[in-house]
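The values are calculated or read from the model by the stated rules, or taken from the named source; none is laboratory data. From a predicted model like this one, the values you see are computed outputs, not experimental measurements. Heads up, the Cβs are rebuilt from the backbone with ideal geometry, glycines too, and the neighbour counts pull from every protein chain shown. Calculation scope for accessible area: heavy atoms of the full protein, side chains included, ligands and nucleic acids excluded. Shrake-Rupley method; radii C 1.70, N 1.55, O 1.52, S 1.80 Å.
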Amino acid sequence: MYNKNLNVLLLNDLCSYGKASITVNIPVLSHFGIKVSPLVSVILSNHTAFDSFCAFDLTNELEKIVDELKRKNPKFDAFYVGWISSGKQPSIVIDIIKHFNINTILVDPILGDNGKLYPSMSNEHVNSMKDIIKYANIVTPNITELAVLLDKDPSKSYTEKEVEEMAKQLSTLGPKTVIVTSVSKEDKVGCLCYDNNEFITSYYPKIDISIPGTGDAFGSSLLGYILHGHSIKDALEKATKFIYKSVELSVKENDDRVYGISIEKRLHLL
């Protein structure tokens, strides 16, 4: 089905237990026949939806790995940026983009959800993410992250029209395509996209649960479709449908919602 020879550089955190981040990104991208070269920003005992976790910052190791990659000088078709630590990691990300001359940069600005920053995030993370998205073609913030990146109140509820204006405003920082996830409209939820002065939406009936890893699955499937030649509109519709159907099946099959999305069982939905 997919016969392009594609290679994606992926930067995200790695959870030993629970399905999120790299353990979701790789299966989805691999399903598209894409070779994935992972870089680990932080390693965690488990993802943060559990009641406790421990984490280890790999900035020093990341620097050495990137230096070695530069010696090999591989060609990457896209760079997927997920969870980054503060300190030197943002500058490492920007250096990667410049050195490898990667054309497609997708940034999932992982900062917070449900109206507030994640406990491990700070204003330093927010400011670093503002610098990084200047280099992105595509950014995929949720409503909370969109508000934070624009210095607006993340706890406020925004109308669809307000989200449109905010997405357009975020695009002035650099990214051509802004896809806002977790947008609610009446009894539906989905995505609102600003691309080439056009607004595109993709909504499905709201399923009122939260499953870790769905954002990673969305971003990875979106990128997979785009790299295989789908338009932003088609990729958005397909990726949104994939997440909706995956969550729907997770409810039906009574999956462990704290553990995270059962991605291996959902790949047939792509």
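A compact table of results
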| read-out | value |
| --- | --- |
| Overall form of the chain per C-alpha gyration tensor (a/c, 1.5; a/b vs b/c) | rounded |
| Rounded FRET efficiency, nearest 0.05, which uses the C-beta distance separating S91 from S155 and R0 of 41 Å | 0.85 |
| Unsatisfied cross-links (Cα-Cα over 32 Å) in the set K19/K75; K75/K238; K168/K188; K64/K152; K70/K152 | K64/K152; K70/K152 |
| Exposure rank, largest accessible area first [F199, F32, F56; 1.4 Å] | F56, F199, F32 |
| Centroid-to-centroid separation of region 186-229 and region 1-45 [C-alpha atoms, Å] | 18 |
| Longest DSSP-loop-exposure-free segment, GluC sites (Glu not before Pro), the chain, at most 11 other Cβ within 10 Å | 1-185 |
| Probe 1.4 Å, protein heavy atoms only - accessible area per residue of the chain in square angstrom | 46 |
| Taking the chain and dividing mean pair separation by its residue count, relative contact order in percent (alpha carbons under 8 Å, at least six apart) | 18 |
| Calculated FRET efficiency for the pair H230/D67, C-beta based, R₀ 35 Å, to 0.05 | 0.50 |
| Over the chain: helical MRE at 222 nm, DSSP H runs n ≥ 4 each giving -39500 (n - 2.57), nearest 500 | -12000 deg cm²/dmol |
| Whole-Hz ³J(HN,Hα) from phi, Karplus 6.51 cos²θ - 1.76 cosθ + 1.60, for region 192-197, glycine and proline x | 10, 10, 10, 8, 6, 6 |
| In nm, spacing of pseudo-spin labels at S30 and Y17 (7 Å Cα→C-beta vector) | 2.3 |
| Sequence of K176, K19 from largest to smallest accessible area, 1.4 Å probe | K176, K19 |
| With every protein chain in place, the chain: carbon and sulfur % of accessible area (1.4 Å) | 48 |
| Cα centre as origin, Lys/Arg/Asp/Glu Cβ charges: the chain dipole, Debye | 720 |
| Accessible area (Å², 1.4 Å probe, nearest 10) - K161 | 130 |
| Whether region 2-78 is rounded, prolate or oblate, judged on the alpha carbon gyration tensor where a/c under 1.5 counts as rounded | oblate |
| Accessible area in the full protein assembly, largest first, 1.4 Å probe, for R266, R257 | R257, R266 |
| Among T177, V42, G115 - extreme Cα towards positive end, dipole of the chain, charges at beta-carbon | T177 |
| Assigned charges on the beta-carbon of Lys, Arg, Asp, Glu; region 98-252 dipole about Cα centre (debye) | 240 |
